[in-house]
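One structure is given below, encoded as C-alpha cells.
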Amino acid sequence: MRQGESHVHGYLCEVYLRQTPPLLKALASHLIWNGPAQMHGENAVYLTFDDGPHPEITREVMRTLADFSTLATFFCVGENVDRYPEVLDELNAAGHGIGNHTQRHESGWGTGQRAYLRSYLECQQRVQSPWFRPPYGRITKAQAEALHPHTQIVMWDVLSADFDDKNTPESCLEQLMINTRPGSIVVFHDSPRSASRMLPILSPYLIWLQEQGYRCELLPAEMTS
C-alpha cells in the first residue's frame with residue numbers, strides 16, 4: 001500500500017489510514033482484517049512484512065526478530081523469490097510464515113481478472129501459502145470472490161506507513177503504538193523503499209510490545225473473517 005491510499009469498496013479510496021476503521025472492515029467482511037485477540041492466554045499481535053524477499057533487508061529483519069524470539073509472516077513477491085530463492089529458504093528454515101503477494105506486485109485495479117489470477121497462481125507455485133495479500137490492498141470484488149475459495153485474503157488492521165517518505169521513523173513508531181490493539185495485523189515492508197523507516201523502529205516496537213504484554217504470533221493457518 002502506498003501514499004494516498006485506504007480501503008473501501010473495491011476496496012480502496014485515496015487517503016490511507018493508519019488503523020482500518022470498523023466500517024471499512026464491514027464493507028469487505030469476507031477478507032481477513034484481524035487475527036485472534038488472544039493466543040496462548042496472552043494478547044496477540046501479528047507482524048507481517050510485504051514486498052520481499054530482499055537479501056539485505058529481509059535478513060536484517062530476520063536477525064532483529066530472532067533477537068526477540070519472534071516470528072512473523074512475510075508476504076513475498078514471486079519475482080523476488082525467483083531472484084533470491086535462498087532468502088525464502090532461510091525464512092522457511094527459521095519458522096516464519098510465508099504469504100503470497102502476487103508474482104509481479106500488480107494492482108488488482110489495473111489488472112484484468114485472468115492476468116491477476118495467473119499472477120496469484122505463479123506466485124503460489126513458489127510459496128505454497130494459505131494466505132494471500134493483494135499488493136497495495138487493491139483488489140476488486142470479482143477478484144476476491146474468485147480467490148476466496150482457494151486462499152485466505154489477509155488485509156491488515158494497523159499500517160506502519162513505512163513506505164511513505166514524508167514520514168519519519170519516529171512518526172511511524174508513534175502511530176504504531178497509538179493504533180496497536182489485541183488481534184492487530186500489522187504491516188511493515190522489507191523493501192528498499194521502506195527500509196530507512198522500518199529498520200530503525202522494529203526493535204523499539206518489539207520492546208514496546210513486550211512492555212505492553214503483547215505476544216507476537218504467526219497468522220493462524222485457518223482464520224475466520
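Here ARG181, ARG197 are screened, and the one residue that is modelled with pLDDT of 95 or more, over 22 Å from VAL81 (Cβ atoms) and not in a helix (DSSP H, G or I) is ARG181.
Could we say that SER129 is crowded, with 17+ Cβ neighbours inside 10 Å, over 12 Å from the mean Cα position of the chain (by Cα), small (Gly, Ala, Ser) and modelled with pLDDT of 95 or more here? Yes: the conditions hold for SER129. When restricted to residues that are loosely packed, with under 15 Cβ neighbours inside 10 Å and closer than 28 Å to LEU121 by Cβ, the range 141-172 contains 6. Taken over the range 153-174, the residue count meeting the criterion of being over 21 Å from SER129 (Cβ atoms) and assigned to a loop (DSSP other than H, G, I, E, B) is 9.
Where strands (runs of 3 or more DSSP E) sit wholly within the range 1-74, those with at least 2 residues that are out of contact with any Pro (no Cβ under 7 Å at 6 or more places or on another chain), buried (at least 20 other Cβ atoms within 10 Å of the Cβ) and modelled with pLDDT of 85 or more occupy 42-50. Within the range 188-208, being closer than 25 Å to MET39 by Cβ and out of contact with any helix residue (DSSP H, G or I) (no Cβ under 9 Å at 6 or more places or on another chain) holds for one residue alone: ILE207.
Residues are listed down the side, and each one gets a yes or a no for (1) modelled with pLDDT of 95 or more; (2) under 18 Å from PRO53 (Cα atoms); (3) in a helix (DSSP H, G or I):
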residue	(1), (2), (3)
ASN80	yes, yes, yes
ARG104	yes, yes, no
ARG114	yes, no, yes
LEU117	yes, no, yes
GLU122	yes, yes, yes
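Within the range 201-225, the residues that satisfy the criterion of being surrounded by fewer than 16 Cβ atoms within 10 Å (Cβ to Cβ) and within 15 Å of PRO169 (Cβ to Cβ) are SER203, PRO204, ILE207, TRP208.
The values are calculated or read from the model by the stated rules, or taken from the named source; none is laboratory data. None of the values given here were measured: they were computed from a predicted structure. Methodologically, a virtual Cβ is constructed for each residue, glycine included, from the backbone with ideal geometry; neighbour enumeration extends over all protein chains shown.
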